[in-house]
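To start, the structure itself, in structure tokens.
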Amino acid sequence: MSQEPITLFNFRNELDEKVLERGWIYFLNFWVKEPREVLPGCFEAVVEEVNPHAVSFSLNELGTFSNFFCTCGDKTHAICRHMAAVIFVYEKKYIEENRPADWERIEEDSQQPFRKEEN
Ligand SMILES: [Zn+2]
């Protein structure tokens, strides 16, 4: 694992591939419960695997993570699959919050046929 701090923008490259894969599946299955900001910049979530695991971390305004902790005690990976699942949740939040103001119109337009039928 590199020494680069993990951010919302590099984690897909920095995390172990198997960890990412598991985390992605947990994310898609909505196993990340109650993600919440408990103090400014300090976050917690519960990941409902077979046994639930509690994850806590800091996330600053630049999208940089620090102080990762998970109750699973994974000694092999600095960032475990539960944390990866939670990072995907916050990546989604970031993307949704930073959409252009006219996102809904763009989305509606994009559902129109690419080429308008000529009458
Ligand atoms: Zn874990």
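The values are calculated or read from the model by the stated rules, or taken from the named source; none is laboratory data. Being a predicted model, the structure only gives us computed values, none of them experimental. Positions of Cβ are backbone-derived with ideal geometry, glycine not excepted, and every protein chain shown enters the neighbour counts.
From the residues in the stretch 52-77 that are at pLDDT 95 or above and over 21 Å from residue 10 (Cβ atoms), which one is nearest to the ligand (Cβ to nearest atom)? Only one residue tops the list, namely 72. Flag set for residue 97, criterion: without any contact (Cβ under 8 Å) to a residue 12 or more places away in the chain, exposed (fewer than 12 other Cβ atoms within 10 Å of the Cβ) and over 17 Å from residue 20 (Cα atoms).
Within the stretch 8-21, how many residues turn out to be surrounded by fewer than 17 Cβ atoms within 10 Å (Cβ to Cβ) and either in a loop (DSSP other than H, G, I, E, B) or within 13 Å of the chain's Cα centre (by Cα) (or both)? Result for the stretch 8-21: 4.
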